[in-house]
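**Q** Quick one: the structure is below, and I'll ask about it shortly.
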């Protein structure tokens, strides 16, 4: 069975602080994909990143960075120098690789509040 | 860049009524997914279509049906609506490369309220 766990339900930080959102996943597949999506208060789901299971290289995109560690089945997301506009619900998600239909299994989400 | 279009954006229905949600994927995307997100919940997969054929099915009630048309747009039909069907319904589209699915891009969602 596949499962994604985001243990942090809510996080509150003050602007300019760094914050890390944790994501732990479970899968028996050797090929799989991991994702992060952002859901701002307006409600839409915004794609942030996709990672395949064979690429453990960390990635940085502006203030965002992702740490993928297969040894601990984790795919954590760090926002550096947080801003009020980062306030949103962040979802980590998993999909199978081989014999895959692409459906996403989401974690419960982490609500991030960035205060000015 | 073109995005996924969903209509209507908001829908209010009475119990036992029917509803039809429409989704227009990003051009050249061959796969459509439907998800349901209840209040304070994560999105739950309902059903997907690849090249107009149903490719996967999740926890979709028998009262719901969906299809993908020749122009790749998709419709989710919901009958005998119940209060518990009130949710945000997302459509997402994607495309395949060498057998693997790429990231899904989501539409703005349809907020269904059943009274």
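The values are calculated or read from the model by the stated rules, or taken from the named source; none is laboratory data. Please read all numbers here as calculations on a predicted model, not as lab measurements. Neighbour counts are summed over all protein chains in view; Cβ atoms, including those assigned to glycine, are modelled from backbone coordinates with ideal geometry.
**Q** In the range B:69-104, how many residues are outside any loop (DSSP other than H, G, I, E, B) and closer than 30 Å to residue B:39 by Cβ?
**A** Of the residues in that region, 17 qualify.
**Q** OK, next. Looking at the range A:1-14 only, could you name the residues that are over 15 Å from residue A:111 (Cα atoms) and either modelled with pLDDT under 95 or surrounded by fewer than 17 Cβ atoms within 10 Å (Cβ to Cβ) (or both)? Lay out the reasoning, then the answer.
**A** Here is the first cut: in the range A:1-14, the residues over 15 Å from residue A:111 (Cα atoms) are A:1-4.
Scanning the range A:1-14 gives A:1, A:2, A:3.
**Q** Could you figure out which of (1) more than 14 Å from chain B (Cβ to nearest Cβ); (2) surrounded by 23 or more Cβ atoms within 10 Å (Cβ to Cβ) isn't true of residue A:109?
**A** Every listed condition holds for residue A:109 apart from (1).
**Q** Which of the residues spanning the range A:12-25 are in a strand (DSSP E or B) and within 14 Å of the chain's Cα centre (by Cα)? Outline the logic, then answer.
**A** Filtering the range A:12-25 down to residues in a strand (DSSP E or B) leaves A:12-14, A:19-21, A:24-25.
Residues satisfying the conditions are A:19, A:20, A:21, A:24, A:25.
**Q** If you don't mind, there's one more thing I want to ask. From the list A:71, A:42, A:65, A:82, which residue is away from every other protein chain (no Cβ under 13 Å), part of a loop (DSSP other than H, G, I, E, B) and either in contact with a helix residue (DSSP H, G or I) (Cβ under 6 Å, 6 or more places away or on another chain) or farther than 14 Å from residue B:103 by Cα (or both)? Before you say what the answer is, go through the steps one by one.
**A** On the way: A:71 fails: part of a loop (DSSP other than H, G, I, E, B); A:42 fails: away from every other protein chain (no Cβ under 13 Å); A:65 fails: part of a loop (DSSP other than H, G, I, E, B).
Being away from every other protein chain (no Cβ under 13 Å), part of a loop (DSSP other than H, G, I, E, B) and either in contact with a helix residue (DSSP H, G or I) (Cβ under 6 Å, 6 or more places away or on another chain) or farther than 14 Å from residue B:103 by Cα (or both) holds for just one of A:71, A:42, A:65, A:82, which is A:82.
**Q** Given the criteria free of Cβ contacts under 8 Å to residues at least 40 places away in the same chain, within 12 Å of chain A (Cβ to nearest Cβ) and under 25 Å from residue B:14 (Cα atoms), does residue B:65 qualify?
**A** Values: free of Cβ contacts under 8 Å to residues at least 40 places away in the same chain: yes; within 12 Å of chain A (Cβ to nearest Cβ): no; under 25 Å from residue B:14 (Cα atoms): yes.
The answer is no for residue B:65.
**Q** Being farther than 13 Å from residue A:35 by Cβ and in contact (Cβ under 8 Å) with a residue 24 or more places away in the chain narrows it down to one of A:112, A:104, so name that one.
**A** Details: A:104 fails: farther than 13 Å from residue A:35 by Cβ.
The match here is A:112.
**Q** Now, a different point. Among the residues of the range B:68-115, which ones are away from chain A (no Cβ under 14 Å) and closer than 18 Å to residue B:49 by Cα?
**A** Matches in the range B:68-115: B:69, B:70, B:71, B:72, B:73, B:74, B:75, B:76, B:77, B:78.
**Q** Which members of the range A:6-58 meet the condition of being touching a residue at least 40 places away in the same chain (Cβ under 8 Å) and on the phi > 0 side of the Ramachandran plot?
**A** Within the range A:6-58, A:16 is the sole residue that qualifies.
**Q** So is residue A:39 buried (at least 17 other Cβ atoms within 10 Å of the Cβ) and within 28 Å of residue B:109 (Cα to Cα) or not?
**A** Values: buried (at least 17 other Cβ atoms within 10 Å of the Cβ): yes; within 28 Å of residue B:109 (Cα to Cα): yes.
It is true that residue A:39 is buried (at least 17 other Cβ atoms within 10 Å of the Cβ) and within 28 Å of residue B:109 (Cα to Cα).
**Q** Within the range B:7-26, identify whether any single residue is without any contact (Cβ under 8 Å) to a residue 40 or more places away in the chain and more than 11 Å from chain A (Cβ to nearest Cβ), and answer yes or no. Give the derivation first.
**A** Restricting attention to the range B:7-26, the residues satisfying the condition of being without any contact (Cβ under 8 Å) to a residue 40 or more places away in the chain are none.
No, there is no match, as no residue in the range B:7-26 is without any contact (Cβ under 8 Å) to a residue 40 or more places away in the chain and more than 11 Å from chain A (Cβ to nearest Cβ).
**Q** Moving to a separate point now. Checking residue A:50 against (1) part of a strand (DSSP E or B); (2) in contact with a helix residue (DSSP H, G or I) (Cβ under 9 Å, 6 or more places away or on another chain): exactly one of these is not met. Which one?
**A** (2)
**Q** Considering only residues that are under 17 Å from residue A:106 (Cβ atoms) and in contact (Cβ under 8 Å) with a residue 12 or more places away in the chain, which ones fall in the range B:42-62?
**A** Selection gives B:43, B:44, B:45, B:46, B:47, B:48, B:58, B:59, B:60.
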